[in-house]
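What follows is a set of notes on a single structure, which appears directly below.
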Amino acid sequence: AQKITQTQPGMFVQEKEAVTLDCTYDTSDQSYGLFWYKQPSSGEMIFLIYQGSYDEQNATEGRYSLNFQKARKSANLVISASQLGDSAMYFCAMRERVGRGTSYGKLTFGQGTILTVHP
Amino acid sequence: GAVVSQHPSRVICKSGTSVKIECRSLDFQATTMFWYRQFPKQSLMLMATSNEGSKATYEQGVEKDKFLINHASLTLSTLTVTSAHPEDSSFYICSAVLGVETQYFGPGTRLLVL
């Protein structure tokens, strides 16, 4: 079963506008973490933002914010004031707890969304 | 700055040769590192979990004897693609956990097997 779903293969946005990239997830764990990464054409995976399942506030990092709706199991990324340099592939990922300890389990990735910012 | 380095960034080799890729955590110790593989325009697929001082845990369908992983120290994990063939050509990327809220990736290695 697909644990992370990104339904938008590609998105287009005008420079300086905001854009939302969708991500839904599936888990039976109560404790988990959600990540967003940006992958430009160079291939490097750039960490953007993290949301813990117990965090009550939506995570924010500069122009990035995560719209976390736990009941709907969604963790959408919002990029405000888009810039040309934001054009890249974006991945949503989830880490579930391993066992009862604090071991950090593997990340499961969504299919990715290619964002293109137009001038 | 980068917290995880990977070497080499790009390698071209002949079919049948072995290729070693190094993943290093910079300025922090990583008891666990992960190795992923990515084909163009696709998502990252986890290959194995590398644990310092113990055997790697491989994902289903990944050949252990083909993709040898050695986590020799708390800052170094290596992936060796043995007897590489053209179908092994891919983008290989490692990651290390720094804390609950962070997991950093190396810059990746592009492997081309001729």
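The values are calculated or read from the model by the stated rules, or taken from the named source; none is laboratory data. A quick note: this is a predicted structure, and the numbers were derived from the prediction, not measured. Heads up, the Cβs are rebuilt from the backbone with ideal geometry, glycines too, and the neighbour counts pull from every protein chain shown. Only protein heavy atoms, including side chains, enter the accessible area calculation; ligands, DNA and RNA are left aside. Shrake-Rupley method; radii C 1.70, N 1.55, O 1.52, S 1.80 Å.
Below is a table of values for the structure above.
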read-out: Strands (runs of 3 or more DSSP E) within region A:1-88 that include 2 or more residues open to solvent by 60 Å² or more (accessible area, probe 1.4 Å); value: A:10-14
read-out: Residue B:41 under 28 Å from residue A:5 (Cβ atoms), open to solvent by 80 Å² or more (accessible area, probe 1.4 Å) and at pLDDT below 95; value: yes
read-out: Where a residue in region B:99-114 is within 8 Å of another protein chain (Cβ to nearest Cβ) and under 13 Å from residue B:10 (Cβ atoms) and its partner, wherever it lies, is charged (D, E, K, R) and surrounded by fewer than 23 Cβ atoms within 10 Å (Cβ to Cβ), with Cβ under 7 Å and at least six apart; value: B:107/A:44; B:108/A:44; B:110/B:10
read-out: Flag for residue B:68 being without any contact (Cβ under 8 Å) to a residue 24 or more places away in the chain and more than 8 Å from chain A (Cβ to nearest Cβ); value: yes
read-out: Scan of region A:89-115 for residues that are exposed (fewer than 14 other Cβ atoms within 10 Å of the Cβ) and either assigned to a loop (DSSP other than H, G, I, E, B) or at pLDDT 95 or above (or both), ordered by number; value: A:99, A:100, A:101, A:102
read-out: Test: residue in region B:64-83 that is more than 15 Å from the chain's Cα centre (by Cα) and modelled with pLDDT of 95 or more; value: yes
read-out: Test: residue B:73 is more than 10 Å from chain A (Cβ to nearest Cβ), within 24 Å of residue B:55 (Cβ to Cβ) and touching a Gly at 6+ places or on another chain (Cβ under 6 Å); value: no
read-out: Failed criterion for residue B:92 (all others in (1) away from chain A (no Cβ under 12 Å); (2) modelled with pLDDT of 95 or more; (3) open to solvent by less than 80 Å² (accessible area, probe 1.4 Å) hold); value: (1)
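This table checks each residue for (1) of a type in the set (Lys, Arg); (2) more than 23 Å from residue A:96 (Cα to Cα); (3) open to solvent by 20 Å² or more (accessible area, probe 1.4 Å).
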site	(1), (2), (3)
B:24	yes, yes, yes
B:27	no, yes, yes
B:54	no, no, yes
B:67	no, yes, no
B:103	no, no, no
B:108	no, yes, no
